[in-house]
Amino acid sequence: MTSNLTDANSEIVRRWWDSACQARKVKQYSMARTVTDVLLDYLDDVTRNAIHQVLAELPQAWRPSLTHSRTVQEALDQVFDLKCEIRRLALPNALPASWNWYGMLNTR
């Protein structure tokens, strides 16, 4: 049989341990969030610089006016759109880039 004091002390220690575990989890989350934010900022800068370098290599007529993208994904989406537009300008009579070759085979 345990005394009320022992039970109370055990409860205090358990609650302290729970809060210490929660504090560690919050600290780990904060550290992971900071590291991933730094990585995304780095990727954002690298992506923007790479896109500007590629655009500088294109003929003036093919250079689009890319809008300012807020995220790396938006910038990459614009690059994929640019690829389609360059193909259209360079090969106006070619099949579209999204041509479904396999769909044609199945229509016999």
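The values are calculated or read from the model by the stated rules, or taken from the named source; none is laboratory data. Bear in mind the structure is a predicted one, so any value in this text is a computation, not a measurement. As a convention, Cβ positions derive from the backbone with ideal geometry for all residues, glycine included, and neighbour counts pool all protein chains shown.
Structure values in brief
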{"item": "Residue tally, condition farther than 30 Å from residue 71 by Cβ and among the hydroxyl-bearing types (Ser, Thr, Tyr), over segment 1-39", "result": "5"}
{"item": "Selection count, segment 8-45, where residues are in contact with a helix residue (DSSP H, G or I) (Cβ under 9 Å, 6 or more places away or on another chain) and aliphatic (A, V, I, L, M)", "result": "2"}
{"item": "Positions within segment 59-74 being modelled with pLDDT of 80 or more and surrounded by 11 or more Cβ atoms within 10 Å (Cβ to Cβ), in sequence order", "result": "74"}
{"item": "Segment 12-28 residues that are on the phi > 0 side of the Ramachandran plot, paired with ones that are in a helix (DSSP H, G or I) and at pLDDT 80 or above (beta carbon under 9 Å, 6 or more apart)", "result": "none"}
{"item": "Total residues in segment 22-48, condition modelled with pLDDT of 85 or more, among the polar types (S, T, N, Q) and over 16 Å from the mean Cα position of the chain (by Cα)", "result": "2"}
{"item": "Any hit, segment 90-107, residues being modelled with pLDDT under 80, aromatic (Phe, Trp, Tyr) and in a helix (DSSP H, G or I)", "result": "yes"}
